[in-house]
Amino acid sequence: MKLELTVSSMVCEGCEETVKKVVKAKDSQADVVVDLASKKVTIETTAPENEIKEAIVAAGHTVD
Ligand SMILES: [Cu+2]
C-alpha cells in the first residue's frame with residue numbers, strides 16, 4: 001500500500017531521519033521517501049495507515 005502523508009513539523013534532516021526511523025520500526029521493509037521542501041512523506045508499506053500515522057505523532061511530529 002502506498003501512503004502519501006504531509007508531515008508539516010519536519011524542518012531539518014534530523015526530523016527526516018526520525019520519521020524514517022519510526023516508520024521502519026513499524027515495518028522494516030517499508031520504503032520511505034521524504035521531501036523536506038514540500039514536507040511530503042511517501043511510504044510503501046504493508047503496515048496499516050493509522051499505525052504509521054500514530055508512530056509519527058508519537059515521535060513528536062504532526063501529520064496533516
Ligand atoms: Cu529537525
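Condition (residue is without any contact (Cβ under 8 Å) to a residue 24 or more places away in the chain, more than 16 Å from the ligand (Cβ to nearest atom) and within 13 Å of V63 (Cα to Cα)) applied to the range 39-49: is it met by at least one residue?
No, the range 39-49 contains no residue that is without any contact (Cβ under 8 Å) to a residue 24 or more places away in the chain, more than 16 Å from the ligand (Cβ to nearest atom) and within 13 Å of V63 (Cα to Cα).
Scanning the range 1-19 for residues that are within 16 Å of the ligand (Cβ to nearest atom), over 10 Å from I56 (Cβ atoms) and not hydrophobic (A, V, I, L, M, F, W, C), which turns out surrounded by the most Cβ atoms within 10 Å (Cβ to Cβ)?
E16
Would you check if V32 is in contact (Cβ under 8 Å) with a residue 40 or more places away in the chain, surrounded by 14 or more Cβ atoms within 10 Å (Cβ to Cβ) and within 16 Å of the ligand (Cβ to nearest atom)?
no
Is it fair to say V23 is surrounded by 13 or more Cβ atoms within 10 Å (Cβ to Cβ) and part of a strand (DSSP E or B)? If you could, list the steps in order and put the result at the bottom.
Numbers: surrounded by 13 or more Cβ atoms within 10 Å (Cβ to Cβ): yes; part of a strand (DSSP E or B): no.
Spelling it out, it is not the case that V23 is surrounded by 13 or more Cβ atoms within 10 Å (Cβ to Cβ) and part of a strand (DSSP E or B).
Each reported figure results from applying straightforward, stated rules to the coordinates on display, with no laboratory input. Everything numeric here is computed off the predicted structure, so don't read it as measured data. So basically every Cβ, Gly included, is an ideal-geometry build from the backbone, and we count neighbours across all protein chains shown.
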